[in-house]
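The values are calculated or read from the model by the stated rules, or taken from the named source; none is laboratory data. Since the structure is predicted, the reported quantities are computational estimates derived from the model, not experimental observations. Neighbour counts are summed over all protein chains in view; Cβ atoms, including those assigned to glycine, are modelled from backbone coordinates with ideal geometry.
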Amino acid sequence: MSNRVPSTKDGTASAGGLAVALEGALRSHGGLWFGWSGKTVDRAPDPPEIVQSGNITFAVMDLPKRDFDLYYGGFANRALWPICHYRLDLMQIDRNHTEGYFRVNRAFAQALAPLLRPDDVIWIHDYHFIPLAAELRALGFRNRMGFFLHIPWPPSDIASALPAYCDLLQGLASYDVVGFHTPQDADNFRGCLIREKIGQPIEGGSYKVGDHRFQIGVFPVGIDHAAFSETARAAQQNPLVRRMRSSMGDRALIIGVDRLDYSKGIRERIEAFSCFIRSNPGFRNRVTYLQVTPKSRSEVPEYKRMQHEIAEHAGWTNGNLGEVDWTPIRYVNRSVGHRALAGLYRMARVGLVTPLRDGMNLVAKEYVAAQDGNDPGVLILSRFAGAAYELEEAILVNPYDTEGTAAAIARALNMSLQERRDRWSAMMARLQANGVDDWCRNFLNALASDLVAGAPAAGPVEPGRRKSSSRARTAPMPG
Ligand code: ADQ
């Protein structure tokens with residue numbers, strides 16, 4: 001279950017690594033992928049639209065416009081997102097948003113209920129659906145339910161600013177497994193439970209709330225590194241990549257790729273690049289910084305404001321630093337195809353990934369996977385990205401420290417080939433040891449592990465089982 005579901009038109013997942021991995025996991029078990037259709041309506045929504053593709057059933061439902069605004073544009077993205085990214089200054093507390101979020105979760109649970117079987121293992125993704133397990137349990141479901149949070153979970157002093165904080169914690173405690181990207185996020189969550197006196201820790205890192213036992217786990221998401229490396233190698237012939245190369249002359253490329261989001265630290269990054277040029281005049285007209293940033297969540301006022309601010313800042317910096325034959329920053333507000341993106345990463349001497357806070361950050365991993373091992377570029381990575389736990393051979397920076405990040409850019413551009421190779425090999429080995437398939441498998445194994453131990457829950461889905469049976473019937477109520 002995820003807020004967005006890959007295109008159901010032809011039943012194929014979108015190109016994103018996560019979607020591909022989840023689709024792979026579903027294909028091997030057979031399963032149902034449920035979520036929002038991406039459409040809002042002005043009336044009560046129809047029952048979920050269902051599309052069968054091989055042994056995967058895609059089911060999506062529309063949302064009333066007002067509900068969507070409250071749940072997604074309101075609570076999810078103006079309370080949960082800023083607070084989970086430690087931005088109390090940007091949170092908005094609004095009772096209508098909170099009430100809408102819980103109501104929409106209840107509606108999703110009610111729409112999902114007739115599609116569920118007693119032996120279904122349910123994996124719910126991300127901050128849009130924290131209360132979903134509790135809603136399903138209230139409807140009587142006893143299935144195994146796991147939750148994975150793709151964004152950070154903050155320390156209790158910050159998390160406790162969340163509206164309906166204890167309901168959210170209780171909601172998370174209703175799952176069988178709650179997964180995070182990093183040990184820090186998991187520790188923060190445990191800290192919240194302890195402080196609010198919700199449940200008690202028991203053996204093996206599990207928790208007990210009443211009669212319910214659940215596990216808190218760390219599952220750092222990986223990428224399909226082999227496919228990404230291959231795409232990057234092949235992308236050298238991509239027309240956009242070739243045009244980019246010829247437009248660069250013999251300048252070195254520094255690349256930043258992010259959705260336009262305040263958590264990504266794009267403004268601070270532009271400032272650090274500008275500081276780097278001012279303090280290293282020898283690099284004037286010898287580097288180009290490409291920032292590829294598709295707009296996102298433009299309906300949320302903070303995002304709209306930020307779009308103007310960053311565009312203005314990039315323009316202002318170019319005006320100040322540039323020359324008639326040199327535009328220091330190329331700032332592009334659009335999405336780039338997967339292949340071209342891989343080719344641009346490979347061309348870039350420096351990957352500048354400096355979020356102020358990030359659950360993981362897949363761009364950092366993609367940049368590493370895209371490099372030519374004989375002559376790799378250098379990753380500069382924020383210590384506040386979850387990826388920093390695994391990619392510690394990157395140049396780690398504090399993105400709030402403009403001069404420090406500027407010095408890291410200079411260091412990256414001056415780094416010897418041997419040091420670049422050593423750092424890259426260590427990071428690549430880490431990517432290979434934890435690919436996206438491992439992430440899926442590890443989570444699903446954890447979710448099934450109590451079953452193996454004989455806990456009183458339904459067994460895992462038998463391969464191919466869902467394919468052969470009709471979805472039109474109503475599942476018997478479990479429990
Ligand atoms: P995001 O905040 O979306 O994900 P990230 O992990 O960096 O952040 O993933 C972005 C994806 O979008 C990457 O695969 C990247 O290639 C792609 N992308 C970004 N800009 C693009 C562009 N201009 N053109 C084309 N593709 C682009 C959330 C959390 C992260 C967590 C992921 C996965 O915020 O912390 O890593 O989920 O759990």
Selection count, the stretch 260-285, where residues are within 16 Å of the ligand (Cβ to nearest atom), modelled with pLDDT of 95 or more and either among the aromatic types (Phe, Trp, Tyr) or part of a loop (DSSP other than H, G, I, E, B) (or both): 1
Residue check, Ala408 of a type in the set (A, V, I, L, M) and within 16 Å of the ligand (Cβ to nearest atom): no
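Can you confirm whether Gly17 is at pLDDT 95 or above, touching an Asp or Glu at 6+ places or on another chain (Cβ under 8 Å) and either assigned by TED's automatic domain parsing to the domain that holds Gln184 or at negative phi (or both)?
On the way: at pLDDT 95 or above: no; touching an Asp or Glu at 6+ places or on another chain (Cβ under 8 Å): yes; either assigned by TED's automatic domain parsing to the domain that holds Gln184 or at negative phi (or both): yes.
Against the criterion (at pLDDT 95 or above, touching an Asp or Glu at 6+ places or on another chain (Cβ under 8 Å) and either assigned by TED's automatic domain parsing to the domain that holds Gln184 or at negative phi (or both)), Gly17 does not qualify.
For Arg142, indicate whether it is of a type in the set (Lys, Arg) and touching a Pro at 6+ places or on another chain (Cβ under 6 Å). Walk me through it before giving the result.
Values: of a type in the set (Lys, Arg): yes; touching a Pro at 6+ places or on another chain (Cβ under 6 Å): yes.
Yes.
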Residue list for the stretch 209-236, filter: closer than 14 Å to Leu341 by Cα and among the charged types (D, E, K, R): Glu230, Arg233
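Quick check on my filter: what residues within the stretch 51-79 are in a helix (DSSP H, G or I), of a type in the set (A, V, I, L, M, F, W, C) and in contact with a helix residue (DSSP H, G or I) (Cβ under 6 Å, 6 or more places away or on another chain)? Show your work before the answer.
Keep residues of the stretch 51-79 that are in a helix (DSSP H, G or I), which gives 65-79.
Of the ones still in play, those that are also of a type in the set (A, V, I, L, M, F, W, C) are 68, 70, 75-76, 79.
Across the stretch 51-79, the qualifying residues are Leu70, Phe75, Ala76.
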Count - residues of the stretch 326-338 that are at pLDDT 95 or above and either charged (D, E, K, R) or over 27 Å from the mean Cα position of the chain (by Cα) (or both): 4
Residue match in the stretch 327-334 (condition: assigned by TED's automatic domain parsing to the domain that holds Met248, within 12 Å of the ligand (Cβ to nearest atom) and among the charged types (D, E, K, R)): yes
For Val397: the one exception among (1) away from the ligand (no atom under 16 Å from the Cβ); (2) in contact with a Lys or Arg (Cβ under 6 Å, 6 or more places away or on another chain); (3) touching a residue at least 40 places away in the same chain (Cβ under 8 Å): (2)
Inter-residue pairs, beta-carbon under 7 Å, first at positive phi and in the stretch 268-296, second away from the ligand (no atom under 16 Å from the Cβ) and outside any helix (DSSP H, G or I), 6+ apart: Asn285/Glu323; Asn285/Trp326
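Which residues, counting only those in the stretch 142-161, are more than 15 Å from the ligand (Cβ to nearest atom) and over 18 Å from Asp358 (Cα atoms)? Write out each step before concluding.
In the first step, residues of the stretch 142-161 are kept if they are more than 15 Å from the ligand (Cβ to nearest atom); the result is 142-145, 155-161.
Scanning the stretch 142-161 gives Arg142, Asn143, Arg144, Met145, Asp157, Ser160, Ala161.
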Selection within the stretch 343-368 - within 17 Å of Glu392 (Cβ to Cβ) and more than 10 Å from the ligand (Cβ to nearest atom): Gly351, Thr354, Val368
